[in-house]
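The values are calculated or read from the model by the stated rules, or taken from the named source; none is laboratory data. Model, not experiment: these values are computed from the prediction. We place every Cβ from the backbone using ideal geometry, glycine too, and count neighbours over all the protein chains shown. When the accessible area is computed, the model is the full protein with side chains, heavy atoms only, and any ligands, DNA or RNA have been set aside. Shrake-Rupley method; radii C 1.70, N 1.55, O 1.52, S 1.80 Å.
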Amino acid sequence: MWGGRFSSSPSALMEAINASIDFDKRLYAQDVQGSIAHSAMLAKQGIIAESDRDAIHQGLQRVLGEIESGNFTFSTALEDIHMNVESRLREIIGDPAARLHTARSRNDQVATDTRLWVREAHDRAEEQLTNLIKALLDKAEAHAATVMPGFTHLQSAQPVTFGHHLMAYVEMFGRDRSRFRDSRKRLNECPLGAGALAGTSFPIDRHMTAKALGFDGPTRNSLDTVSDRDSLLEFMAAASICAMHLSRLAEETIIWMSAPFGFVKLPDRWTTGSSMMPQKRNPDAAELVRGKTGRVIGSLVSLLTVMKGLPLAYAKDMQEDKEPLFDAADTLEIVLAATTGMIQDLEPVPERMAAVAGAGFSTATDLADWLVRSLNIPFRDAHHVTGRIVSEAEKRGCSFEELPLEVMQAVEPKIHKGIYDVLGVENSVRSRTSFGGTSPVRVAEQVAWWRSQV
């Protein structure tokens with residue numbers, strides 16, 4: 001590979017640490033795609049003959065077919081996907097294959113291949129997020145008025161609706177989808193033609209190759225082009241945030257399924273049993289979604305660590321970009337698919353949710369708001385009055401609705417029986433009509449708006 005510069009072959013250990021074919025062979029389709037575009041441009045510019053271009057294209061299609069059919073032998077001695085493809089191409093078509101690498105380096109070649117691959121990964125993530133959002137919208141719409149407890153600090157706070165809770169995740173995954181879209185726009189510049197680091201003296205047409213490969217245009221600085229991995233880092237950053245959101249939803253699913261909560265049920269296809277305890281139904285799919293978040297975040301940290309100390313331009317350290325990229329993308333795909341399936345099959349238990357929604361004096365804020373609206377008591381004073389009424393209810397071991405009117409009047413004489421109109425959890429959620437609130441009417445509006453966005 002190295003021509004006349006080296007007089008002996010690398011040691012076995014050097015070959016083992018240097019070779020990347022075991023993982024970068026996943027770039028075979030992108031490598032062939034880039035080589036077809038490059039050779040077409042070389043012929044158009046008169047740098048190679050059209051007959052050479054035709055032979056190269058025919059040979060590359062044959063190489064592609066061999067790889068896809070499983071009849072291609074990958075060689076560790078040839079290091080990477082680029083040299084494996086080129087070597088096989090020369091076996092097939094002879095000398096014209098040697099002209100393919102004119103005005104190109106493996107530095108801009110690998111940058112192009114990985115950018116093509118990660119662009120497709122962006123598209124897959126966007127499609128999967130859209131599917132997940134649709135599943136959440138369907139479930140939220142069906143349960144726009146299903147009351148459940150809302151928590152802060154995992155303590156009962158205020159009643160909300162299950163639909164409203166699910167719509168919070170629609171917002172999160174909507175932002176994730178937006179991040180992938182933004183990242184895709186930034187990465188859509190073509191590295192091919194940057195050469196090793198300084199460009200080339202051949203009269204190439206970088207705009208032609210960029211267009212052929214579906215890029216908006218070529219990159220503008222050859223040094224940056226071969227040393228940049230921002231498109232991979234941005235993908236993994238967006239994937240990490242998305243995985244974190246998926247983990248939060250998985251965690252809540254796990255909590256909701258537990259016996260003390262009993263808010264939701266998942267069918268057999270998303271749960272497992274115990275080898276010892278026959279009664280168990282474990283939310284393993286959700287737990288694995290939660291656990292795999294660490295892999296995605298770890299991949300991001302891995303590549304950030306690789307890149308943080310590198311001078312311009314290319315360094316072999318950057319070969320370590322692909323394994324974390326592939327792992328992050330693969331992991332994100334499977335956890336998005338699993339989460340979408342779980343949401344589609346998840347069934348809430350409304351009676352259990354409603355029972356817990358009224359516990360812990362969750363309508364205390366409604367009582368305070370009523371004191372402000374109906375009795376013109378300043379909120380801070382109403383807050384204090386409500387706290388005293390909570391204390392009285394605790395002493396008697398009853399809910400607000402069960403607390404006698406005279407007990408509340410002993411705390412604040414102006415309270416009248418109209419107070420009972422706001423104390424139930426159903427009344428509470430219906431009253432939260434501010435924009436973005438949990439009222440079923442507002443939840444339906446949120447669902448309708450998001451349906452227009454997907």
**Asked** Put a dot 7 Å past each Cα toward the Cβ at R186 and M83; how far apart are the dots in nm?
**Response** 3.3
**Asked** Taking all protein chains as present, what is the carbon and sulfur share of the accessible area of the chain, in % to the nearest whole number, probe 1.4 Å?
**Response** 52
**Asked** Taking K185 as the anchor, which lysines have their alpha carbon closer than 25 Å to its alpha carbon, excluding any fewer than eight residues away along the same chain?
**Response** K134, K211, K308, K322
**Asked** Going from most exposed to least, what order do D113, D381 have by accessible area with a 1.4 Å probe?
**Response** D381, D113
**Asked** Going by alpha carbons, how many degrees (0 to 90, nearest 10) lie between the helix axis of 379-396 and the longest principal axis of the chain?
**Response** 70
**Asked** Taking H as built 1.01 Å from N, whose amide H comes closer than 5 Å to the amide H of T161, not counting residues under 5 places away?
**Response** M148
**Request:** Please report, in debye to the nearest 20, how large the charge dipole of the chain is about its Cα centre when each Lys and Arg carries +1 at its beta carbon and each Asp and Glu carries -1 there.
**Result:** 580
**Asked** Per residue, how much accessible area does the chain show when a 1.4 Å probe rolls over the protein heavy atoms, in square angstrom?
**Response** 47
**Prompt:** Given Cα pairs under 8 Å that are at least 6 residues apart, what percent is the relative contact order of the range 17-102?
**Reply:** 43
**Message:** Using the Karplus curve 6.51 cos²θ - 1.76 cosθ + 1.60 with θ = phi - 60°, what ³J(HN,Hα) values do you get for each residue of the range 42-53, in whole Hz, with x for Gly and Pro?
**Reply:** 4, 5, 4, 7, x, 7, 10, 6, 5, 5, 5, 4
**Student exercise, the range 17-102 dipole from Lys, Arg, Asp, Glu Cβ charges, in Debye to nearest 20** = 160
**Request:** For the range 235-314, state which trypsin sites (Lys or Arg not before Pro) are in a DSSP loop and have at most 14 other beta carbons lying within 10 Å of their beta carbon.
**Result:** K280, K308
**Request:** Only bridges with both residues in the chain count here: give the DSSP antiparallel percent, nearest 5.
**Result:** 80
**Request:** Could you run the Karplus curve 6.51 cos²θ - 1.76 cosθ + 1.60 with θ = phi - 60° over the range 60-69 and give me ³J(HN,Hα) per residue in whole Hz, x for Gly and Pro?
**Result:** 5, 5, 5, 4, 4, x, 5, 5, 5, 8
**Long-range HN-HN contacts of G195 with modeled amide H, under 5 Å** = S105, D108
